[in-house]
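Let me begin by presenting the structure, written as structure tokens, before commenting on it.
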Amino acid sequence: MFDHPIPRVFQNRFSTQYRCFSVSMLAGPNDRSDVEKGGKIIMPPSALDQLSRLNITYPMLFKLTNKNSDRMTHCGVLEFVADEGICYLPHWMMQNLLLEEGGLVQVESVNLQVATYSKFQPQSPDFLDITNPKAVLENALRNFACLTTGDVIAINYNEKIYELRVMETKPDKAVSIIECDMNVDFDAPLGYKEPERQVQHEESTDVEADHGSYAGELGFRAFSGSGNRLDGKKKGVEPSPSPIKPGDIKRGIPNYEFKLGKITFIRNSRPLVKKVEEDDAGGRFVAFSGEGQSLRKKGRKP
């Protein structure tokens, strides 16, 4: 009946170009610093009118492309209050796209898979000062709609900006993180160096130690304290310790076989006297080999 197919008059994908500006250029009395803390943009009201007529899936996710530098990223939309022909982006997103104020950016609607895994690399070792980095990152990602591998995102914590590079995302290079259960992992921060471990060198036991510097221990000295009188007088109560003789100072015997990590218990401090065995057979014990003694002395008979 018809010689030619009827063309489709509706379009199921949103695609247009805008001039992009940073959020600081957004006119209005209200402070929109919250846009800098996330990964969403502000688009004009005409975009909402076009998107409502299209058969798109929610949440609305977009692909941003800078055709001059062949850089791309993904984002969500926060509001539709921008001037016509203009969109406002976070500063870190403009840096990823290598865009300047007033540059052209291609905006296309996309469908992304839900994220299951992501890996981040902090761009500064200062990120290690955070007590619970996973909790801080999880709280910051609530303002993001999607992640793209290779992007450097910025999060604000304790009035300080931390930059993290997205090293890996699964199941795709661009994923949606809205209402998802995602495992997060961290790579070593950029410029981080492992602390050097101090190796303890064991001293050689063959070298004799110098024991001349050992200080003598005085030990207990009897009657070396001071006394108090009942009448309260101080006369004759000062201690008069006897002078110390060089022989009174006792010095301990060092253990020359000491090894680090080994405890030696000395059971007997006195050396045992070694018994010398007699080589001859007469030195052996023989029963009933002793000599007897008599109380009566035997005299000679006259």
Worksheet item: On the given criteria, is M94 of a type in the set (A, V, I, L, M), in contact with a Cys (Cβ under 8 Å, 6 or more places away or on another chain) and open to solvent by less than 40 Å² (accessible area, probe 1.4 Å)?
Response: yes
Discussion item. Considering only the range 78-89, I want to know if a residue exists there that is within 35 Å of the chain's Cα centre (by Cα), under 19 Å from R165 (Cβ atoms) and surrounded by 15 or more Cβ atoms within 10 Å (Cβ to Cβ).
Written reply: yes
Response to the item:
When every residue in the range 52-77 that is charged (D, E, K, R) and part of a loop (DSSP other than H, G, I, E, B) is compared, the one nearest to V166 (Cα to Cα) is D70
Worksheet item: Is it the case that some residue within the range 124-139 is surrounded by fewer than 14 Cβ atoms within 10 Å (Cβ to Cβ) and in contact with a Leu (Cβ under 9 Å, 6 or more places away or on another chain)?
Response: yes
Item to complete: For residues that are surrounded by fewer than 18 Cβ atoms within 10 Å (Cβ to Cβ) and among the aliphatic types (A, V, I, L, M), scanning just the range 27-59, find the one that is farthest from I153 (Cα to Cα).
Response: L54
Worksheet entry | Residue count for the range 158-196, restricted to those that are in contact with a Pro (Cβ under 8 Å, 6 or more places away or on another chain), open to solvent by less than 60 Å² (accessible area, probe 1.4 Å) and in a strand (DSSP E or B) | 4
Worksheet item: So which residues in the range 60-77 are open to solvent by 30 Å² or more (accessible area, probe 1.4 Å) and more than 17 Å from A145 (Cα to Cα), if there are any at all?
Response: K67, N68, S69, D70, R71
Worksheet entry | Residue check, V114 closer than 30 Å to Q50 by Cβ, at pLDDT 90 or above and open to solvent by 60 Å² or more (accessible area, probe 1.4 Å) | yes
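Just need a number here: residues in the range 112-138 that are part of a loop (DSSP other than H, G, I, E, B) and among the β-branched types (V, I, T).
3
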Fill in: Members of the range 1-24 that are among the aromatic types (F, W, Y) and either closer than 25 Å to G38 by Cα or at pLDDT 90 or above (or both)
F14, Y18, F21
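The values are calculated or read from the model by the stated rules, or taken from the named source; none is laboratory data. A quick note: this is a predicted structure, and the numbers were derived from the prediction, not measured. Cβ coordinates were reconstructed from backbone atoms using ideal geometry, including for glycine residues, and neighbour counts include every protein chain displayed. The protein model used for the area step is the full one, side chains on, heavy atoms only, and it has no ligands, DNA or RNA in it. Shrake-Rupley method; radii C 1.70, N 1.55, O 1.52, S 1.80 Å.
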